[in-house]
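Asks: So that we are looking at the same thing, I have put the structure below in structure tokens.
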Amino acid sequence: MEVLLYLPVLLLSVVAHEFAHAWVALRQGDDTAYKLGRVTLNPLPHIDLVGSVLFPMLLWMTQAGFLFGWARPVPVDPRKYRSYRRGDILVSLAGISANLLLALAFTIATVLLIWLGRHIPALAASAALMTRMSGYGVEINLLLAFFNLIPIPPLDGSHVVYHLLPPRLGARYREMGRYGMLVLLAILFFAPGILSFFLWPVSELQRLARAFIGMWI
């Protein structure tokens, strides 16, 4: 039952992440994603069979203790940005910003759903179910935001680090992107403690979200 509540929220969150990349890229002058139909919240153009379906299901079936996934990366052509440096940073941070906004939205939604469940008995069961989904929404979007801030290419945070480095060192750093996903998967399965170091803000912000919710109920 829980996976049926978790997966739709995960799908929404990864789609919003990629949509934000595509939308900001268009605003910065790059119409590559727009021409491919990626400036949309329709999940179909964004779904990655492995990252959006098979990988989360594998984690669920193996009782990994968490679910994670991703959508198809949005293609961009930085040469089209009106300002390469500014455009690259803004586009890379757009997905992270979208997930943080969704985490906030799910926090507010949790307050409203709990209120509805308490004051409208006919909606109590539905509100309780949606409240659990909202809780997952806070968790998933915080995880996506801070996971993507990990400075390992090709994750979004690496784009910011790249522009802080000297050109020659930055070029070598960006070349790591060819092996970045393999490194991340190895860390995910064999050294999760390293991820915990980068993801510690997730638990702190979840605590703040719970405190905010408690102020209103």
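The values are calculated or read from the model by the stated rules, or taken from the named source; none is laboratory data. This is a predicted model, so every value here is computed, not measured. Please note: Cβ atoms are built from the backbone with ideal geometry, for glycine as well, and neighbour counts cover all protein chains shown.
Asks: Can you tell me which condition residue 111 does not meet? The list is (1) more than 26 Å from residue 23 (Cβ to Cβ); (2) among the aliphatic types (A, V, I, L, M); (3) surrounded by 14 or more Cβ atoms within 10 Å (Cβ to Cβ); (4) without any contact (Cβ under 8 Å) to a residue 12 or more places away in the chain, and all the others hold.
Replies: For residue 111, the failing item is (4).
Per-residue answers, yes or no, for (1) of a type in the set (A, V, I, L, M); (2) over 23 Å from residue 113 (Cβ atoms):
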residue	(1), (2)
174	no, yes
177	no, yes
183	yes, yes
187	yes, yes
196	no, yes
201	no, yes
206	no, no
210	no, no
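Asks: Moving on. Which one of these is farther than 30 Å from residue 214 by Cα, free of Cβ contacts under 8 Å to residues at least 12 places away in the same chain and either assigned to a loop (DSSP other than H, G, I, E, B) or under 17 Å from the mean Cα position of the chain (by Cα) (or both): 58, 44, 93, 104?
Replies: 44
Asks: Still on this structure, please answer the following. Considering only residues that are without any contact (Cβ under 8 Å) to a residue 12 or more places away in the chain and small (Gly, Ala, Ser), look in the range 158-199 and name the one that is farthest from residue 146 (Cα to Cα).
Replies: Here the residue is 171.
Asks: I've got another one for you. Looking only at the range 114-165, filter to residues that are under 30 Å from residue 92 (Cβ atoms) and among the hydroxyl-bearing types (Ser, Thr, Tyr); which one of those is surrounded by the most Cβ atoms within 10 Å (Cβ to Cβ)?
Replies: 134
Asks: Does residue 208 satisfy being of a type outside the set (Gly, Ala, Ser) and closer than 30 Å to residue 108 by Cα?
Replies: So residue 208 passes the test.
Asks: Restrict the check to the range 37-44 and report whether at least one residue is in contact with a Pro (Cβ under 8 Å, 6 or more places away or on another chain) and exposed (fewer than 14 other Cβ atoms within 10 Å of the Cβ).
Replies: Taking every residue of the range 37-44 in turn, at least one turns out to be in contact with a Pro (Cβ under 8 Å, 6 or more places away or on another chain) and exposed (fewer than 14 other Cβ atoms within 10 Å of the Cβ).
Asks: Within the range 17-39, identify whether any single residue is assigned to a helix (DSSP H, G or I), modelled with pLDDT under 90 and under 25 Å from residue 177 (Cα atoms), and answer yes or no.
Replies: The answer is no, given that none of the residues of the range 17-39 is assigned to a helix (DSSP H, G or I), modelled with pLDDT under 90 and under 25 Å from residue 177 (Cα atoms).
Asks: If we only count helices (runs of 4 or more DSSP H) wholly inside the range 139-217, which ones have 3 or more residues that are of a type in the set (S, T, N, Q) and farther than 20 Å from residue 50 by Cβ?
Replies: Details: elements: 156-164, 167-175, 177-190, 192-216.
Passing ranges, in order: 192-216.
Asks: Would you please name the residue that is nearest to the chain's Cα centre (by Cα), looking only at residues in the range 61-90 that are small (Gly, Ala, Ser) and at pLDDT 95 or above?
Replies: So, considering only residues that are small (Gly, Ala, Ser) and at pLDDT 95 or above, the one nearest to the chain's Cα centre (by Cα) is 87.
Asks: Please pick out the residue among 39, 24, 50 that is within 17 Å of the chain's Cα centre (by Cα), in contact (Cβ under 8 Å) with a residue 40 or more places away in the chain and over 19 Å from residue 132 (Cβ atoms). Can you show your working first?
Replies: Working: 39 fails: in contact (Cβ under 8 Å) with a residue 40 or more places away in the chain; 50 fails: in contact (Cβ under 8 Å) with a residue 40 or more places away in the chain.
Step by step, each of 39, 24, 50 is checked, and only 24 is within 17 Å of the chain's Cα centre (by Cα), in contact (Cβ under 8 Å) with a residue 40 or more places away in the chain and over 19 Å from residue 132 (Cβ atoms).
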